[in-house]
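Participant: Quick one: the structure is below, and I'll ask about it shortly.
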């Protein structure tokens, strides 16, 4: 895997449904090496701190391999790195083979997979398509949030390497599907397994606990 682009943004005000809102969704590539702290990337402004940022969402990464699919689906050949709101655009960063709790080395940093991303309406604003959050979820490849175990500098071209696998080797995509896909037959055992992983973000632990209780009542 390779770091192809580092993307940050300042807060931007846009009109949405007759109101002015502030968002940090409009990421743009930066060329210089960048420092990653425990909370975020230097120069990246997170507006909605309830749903973005913090220890378990410090960095958002997305695979460059998904771009051809979306260029075809959206009939938009102009999609460029950062358009999905990702901080890091990485080749081969596949949700189906990366696990909750994997530790990932990039430059001077050590990052840890904490949870899948759940897209909000601001993704629709960025792509000028109100259906985008639903389309993103239905594709089961929404990118990965990472916590920062070791701060430091990263730069475009850095090798991205899994140096330690998550304890139960449960893929990010399987956890996401277990929550969102009503037809996923493995949902209950995957949720039960996910809840045993200490590295799973508290937000997702709560979501999965509720979903498991509801499923067992059916």
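Participant: Within segment 126-146, count every residue that is more than 17 Å from residue 8 (Cα to Cα) and buried (at least 17 other Cβ atoms within 10 Å of the Cβ).
Facilitator: Qualifying residue count for the region: 7.
Participant: Could I ask something else about it? Can you list the strands (runs of 3 or more DSSP E) found entirely within segment 1-108 that contain at least 1 residues being under 25 Å from residue 128 (Cβ atoms) and out of contact with any strand residue (DSSP E or B) (no Cβ under 8 Å at 6 or more places or on another chain)?
Facilitator: 12-16, 19-23
Participant: Please specify each residue of segment 40-66 satisfying the condition of being surrounded by fewer than 17 Cβ atoms within 10 Å (Cβ to Cβ) and either at pLDDT 95 or above or closer than 24 Å to residue 150 by Cα (or both).
Facilitator: Of everything in segment 40-66, those that are surrounded by fewer than 17 Cβ atoms within 10 Å (Cβ to Cβ) and either at pLDDT 95 or above or closer than 24 Å to residue 150 by Cα (or both) turn out to be 42, 43, 45, 49, 50, 51, 55, 65.
Participant: Now a separate question. Working carefully through the options 174, 114, 187, find the one that is closer than 19 Å to residue 58 by Cα and either surrounded by fewer than 21 Cβ atoms within 10 Å (Cβ to Cβ) or touching a helix residue (DSSP H, G or I) at 6+ places or on another chain (Cβ under 7 Å) (or both).
Facilitator: 114
Participant: Additional query: Out of the residues in segment 190-207 meeting the condition of being in a loop (DSSP other than H, G, I, E, B) and touching a residue at least 40 places away in the same chain (Cβ under 8 Å), tell me which one is surrounded by the most Cβ atoms within 10 Å (Cβ to Cβ).
Facilitator: Of everything passing the filter in segment 190-207, 200 is surrounded by the most Cβ atoms within 10 Å (Cβ to Cβ).
Participant: Okay, moving on. Of the conditions (1) more than 29 Å from residue 69 (Cα to Cα); (2) assigned to a strand (DSSP E or B); (3) within 16 Å of the chain's Cα centre (by Cα), residue 153 fails just one. Which one is it?
Facilitator: If we test residue 153 against (1) more than 29 Å from residue 69 (Cα to Cα); (2) assigned to a strand (DSSP E or B); (3) within 16 Å of the chain's Cα centre (by Cα), just (3) comes out false.
The values are calculated or read from the model by the stated rules, or taken from the named source; none is laboratory data. Only a predicted model underlies this, so the values are computations on that prediction, with no experimental measurement involved. Reconstructed Cβ throughout: ideal geometry from the backbone, glycine too, with neighbour counts over all protein chains shown.
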